[in-house]
1. Do you know which of the residues in the range 55-66 that are within 19 Å of residue 1 (Cα to Cα), surrounded by 11 or more Cβ atoms within 10 Å (Cβ to Cβ) and not hydrophobic (A, V, I, L, M, F, W, C) is farthest from the chain's Cα centre (by Cα)?
2. Do you know which residues across the range 39-54 are over 12 Å from residue 65 (Cα atoms) and at pLDDT 95 or above?
3. Looking at this structure, is residue 13 among the hydrophobic types (A, V, I, L, M, F, W, C) and out of contact with any strand residue (DSSP E or B) (no Cβ under 8 Å at 6 or more places or on another chain)?
4. Please state which of the following conditions residue 5 fails to meet, knowing it meets all the rest: (1) on the phi > 0 side of the Ramachandran plot; (2) free of Cβ contacts under 8 Å to residues at least 40 places away in the same chain; (3) not acidic (Asp, Glu).
5. Name the single residue that is surrounded by the fewest Cβ atoms within 10 Å (Cβ to Cβ) among those in the range 19-54 being in a helix (DSSP H, G or I) and among the acidic types (Asp, Glu).
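The values are calculated or read from the model by the stated rules, or taken from the named source; none is laboratory data. Everything quoted here is computed from the prediction, not taken from an experiment. In this analysis, Cβ positions are derived from the backbone assuming ideal geometry, glycine residues included, and neighbour counts consider all displayed protein chains.
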Amino acid sequence: MNLTGHPDGLQALKQIKEERKDFLKFLITEAKTSFGRFAEFRGADGRRWKMTWVAQRDEMVVEPMP
C-alpha cells in the first residue's frame with residue numbers, strides 16, 4: 001500500500017504512528033471498510049485531515065479538510 005498526499009498530513013500520520021500505533025491501524029481499517037472509503041483525523045496541531053482509500057491503485061491519499 002502506498003501513502004501519498006499532502007506532506008503535512010503525512011507528517012501528522014507519522015506522528016500518530018509513533019505515539020498511537022493502534023489508532024493508526026484503526027484509521028486504515030476505517031478507510032478501507034467504510035462506505036465512503038475514507039477516515040478523518042486531527043493532527044497534533046488541531047488541523048483536520050481526510051485519508052481516502054483508492055483500491056484500484058492500492059494507495060491511501062491524505063488531504064486537508066476544508
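1. Residues of the range 55-66 that are within 19 Å of residue 1 (Cα to Cα), as a first pass: 55-63.
Going one step further and asking which of them are surrounded by 11 or more Cβ atoms within 10 Å (Cβ to Cβ), we end up with 57, 59-63.
So of that shortlist, the ones also not hydrophobic (A, V, I, L, M, F, W, C) come out as 57, 59, 63.
Numbers: 57: 16, 59: 11, 63: 8 Å.
Among those residues, the one meeting the criterion is 57.
2. Just the residues of the range 39-54 that are over 12 Å from residue 65 (Cα atoms), to begin with: 44-45, 53-54.
Correct list: 53, 54.
3. On the way: among the hydrophobic types (A, V, I, L, M, F, W, C): yes; out of contact with any strand residue (DSSP E or B) (no Cβ under 8 Å at 6 or more places or on another chain): no.
Taking the combined requirement at face value, the residue does not satisfy it.
4. Result: residue 5 fails condition (2) only.
5. Of all residues in the range 19-54, those in a helix (DSSP H, G or I) come to 19, 21-33.
With the extra rule that they be among the acidic types (Asp, Glu), the set shrinks to 19, 22, 30.
Values: 19: 10, 22: 7, 30: 16.
Of everything passing the filter in the range 19-54, 22 is surrounded by the fewest Cβ atoms within 10 Å (Cβ to Cβ).
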